[in-house]
1. Name, by its number, the condition in (1) under 14 Å from V85 (Cβ atoms); (2) at pLDDT below 85; (3) surrounded by fewer than 21 Cβ atoms within 10 Å (Cβ to Cβ) that does not hold for L10.
2. Restricting to the stretch 109-149, name every residue that is of a type in the set (V, I, T), touching a Pro at 6+ places or on another chain (Cβ under 9 Å) and modelled with pLDDT of 95 or more.
3. If you check V122, V95, V153, V126, which single one turns out to be loosely packed, with under 15 Cβ neighbours inside 10 Å and among the β-branched types (V, I, T)?
4. Among (1) loosely packed, with under 13 Cβ neighbours inside 10 Å; (2) modelled with pLDDT under 80; (3) closer than 21 Å to N98 by Cβ, which single condition is K38 missing?
5. Limited to the stretch 67-116, what total is found for residues that are under 13 Å from N9 (Cα atoms) and part of a loop (DSSP other than H, G, I, E, B)?
Amino acid sequence: MSEARKLYNLVHVEPKGYIYILGSHRYGLEFRLKNKKKKKKKSVAVIQMNGSSTNWTDITRQGHWKADSTIGKVLCWCGKREYDVVHCLNLWSYVDNNPSNLAGKSNDILNKLENDLWIQEVLEKVDIIILAYGDCLGVDESNFKERKKKLKVMLLSKKSKVFCVGGLNESGNPKHGRVWNDEPELNKFNINNI
């Protein structure tokens, strides 16, 4: 069993009835910490690039979900900091584990309006927001700029503080969750820099 599955239960998938198929759309995954010791709950939303290969066969049977390596690293990082609830969200709802397959597709294909509505709903109820989308290699630069602009508008209206893990990469974007190695620290993120 992966370390992530030892730490968390997968409790919600949006949209309901989602089935993992390349090119389908997934809006979010919600995980809850097992073996909670504290009384005060801490929740986090982690906004990544796009849905990859995290999969399950039956959400009611916890042994039947498998995290891809990025979700696994994110959950392990969050578990060590005792976040009770982790919401994994994405800039784009389009599911594909190969970023180069996103090239040449418009934002209308890569993202559904329901994804933005889900992001806004989750951001209203979390304690902190962590940006972890990296450089979005494979996505057309104009699409990336458009999505960051939309995300900035969503974040400006939220009360939750915005962070990144391990600082920014060389191009000034928050580091992708797949590089959360060696216990990187949580750093405040100025949303005006999106």
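The values are calculated or read from the model by the stated rules, or taken from the named source; none is laboratory data. For clarity, every value in this text was computed on a predicted model and none was experimentally measured. We place every Cβ from the backbone using ideal geometry, glycine too, and count neighbours over all the protein chains shown.
1. Failed condition: (3).
2. If we filter the stretch 109-149 for residues that are of a type in the set (V, I, T), which is where we start, we get 109, 119, 122, 126, 128-130, 139.
Restricting the remaining residues to those that are touching a Pro at 6+ places or on another chain (Cβ under 9 Å) gives 130, 139.
Listed by number, the list holds a single entry, I130.
3. Working: V122 fails: loosely packed, with under 15 Cβ neighbours inside 10 Å; V95 fails: loosely packed, with under 15 Cβ neighbours inside 10 Å; V126 fails: loosely packed, with under 15 Cβ neighbours inside 10 Å.
Only one candidate qualifies: V153.
4. With (1) loosely packed, with under 13 Cβ neighbours inside 10 Å; (2) modelled with pLDDT under 80; (3) closer than 21 Å to N98 by Cβ applied to K38, the lone miss is (3).
5. Looking only at that region, the number is 3.
Condition check ((1) among the acidic types (D, E); (2) more than 19 Å from S43 (Cβ to Cβ)) across all residues:
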| position | (1), (2) |
| --- | --- |
| A103 | no, yes |
| I109 | no, yes |
| E124 | yes, no |
| C136 | no, yes |
| E141 | yes, yes |
| K150 | no, yes |
| K159 | no, no |
| S171 | no, yes |
| V179 | no, yes |
